[in-house]
Amino acid sequence: VAGTKHTNLLVVQAAVSRQQMAVVTAVRNYLRLFGSCIALGICSSLINNTLRQAAQNVGLSSQQIALLLNDPTSVRGDSIGLSESAMRTIIAGYAQGFGGVFYLTVASTGVAWLASVFLIGQHELTRADDKELKQAAKEARRRKKMEKGQVDQDPEKAEVDDPADEETEGREKI
């Protein structure tokens, strides 16, 4: 899931105008965090319920089960007083719970893949105003260098047409 973080950020930003990028980025981050909180609760419930069932099958008391759920390392200690076969059963319960988490994430990934293939439209990553913005950035950099006295010696790099100058010249002719 973490491997898709930057990919889906690019996708959502490509789908909106530049003025809306901050909003869509914030909403995406909020939804990722919200989804993570929900998934954490679901996965925790899967593991705890599977472990609780395994502990009840062994015949542990409710206090021992509560201790086991709050401190998973207590299964190896003497605080609960488990036999070797009970310990194996509880560890198998943990493994079964984590297996359930694995199957849940595989199913969620499959649903997300199907949704991305069939429900999400395609958007170009290039924008119509990319060339103008790049040209304006070059001009701003050239102006900043001129103010500092660092003028490029290469005439091709130094000569960048300023659209504002062309508008001014056009107004003067009228």
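The values are calculated or read from the model by the stated rules, or taken from the named source; none is laboratory data. Just so it is clear, the model here is predicted, and its values are computed rather than measured. Positions of Cβ are backbone-derived with ideal geometry, glycine not excepted, and every protein chain shown enters the neighbour counts. Heavy atoms of the whole protein, side chains included, go into the accessibility calculation; ligands, DNA and RNA do not. Shrake-Rupley method; radii C 1.70, N 1.55, O 1.52, S 1.80 Å.
The set of residues from the stretch 49-74 being among the hydrophobic types (A, V, I, L, M, F, W, C) and more than 25 Å from Ala39 (Cβ to Cβ) comprises Val58, Leu60, Leu67.
For the stretch 82-91, filtering for residues that are among the small types (Gly, Ala, Ser) and surrounded by fewer than 15 Cβ atoms within 10 Å (Cβ to Cβ) leaves 2. In the set Leu104, Leu119, only one residue is within 24 Å of the chain's Cα centre (by Cα), open to solvent by 100 Å² or more (accessible area, probe 1.4 Å) and among the aliphatic types (A, V, I, L, M); that residue is Leu119.
For the stretch 62-79, a residue qualifies if it is under 26 Å from Gly41 (Cβ atoms) and either touching a residue at least 60 places away in the same chain (Cβ under 8 Å) or outside any helix (DSSP H, G or I) (or both), and exactly one does: Asp71.
Here Arg88 meets each of (1) of a type outside the set (A, V, I, L, M); (2) part of a loop (DSSP other than H, G, I, E, B); (3) over 30 Å from His6 (Cβ atoms) with one exception, condition (2). For Val24, the conditions (1) assigned to a helix (DSSP H, G or I); (2) open to solvent by less than 80 Å² (accessible area, probe 1.4 Å); (3) farther than 21 Å from Gly121 by Cα are fulfilled apart from (3). Against the criterion of being under 21 Å from Glu124 (Cβ atoms) and open to solvent by less than 80 Å² (accessible area, probe 1.4 Å), Arg18 does not qualify. Applying the criterion of being modelled with pLDDT of 90 or more, touching a Leu at 6+ places or on another chain (Cβ under 8 Å) and of a type in the set (Gly, Ala, Ser) to the residues of the stretch 80-97, the residue that is farthest from Gln63 (Cα to Cα) is Gly97.
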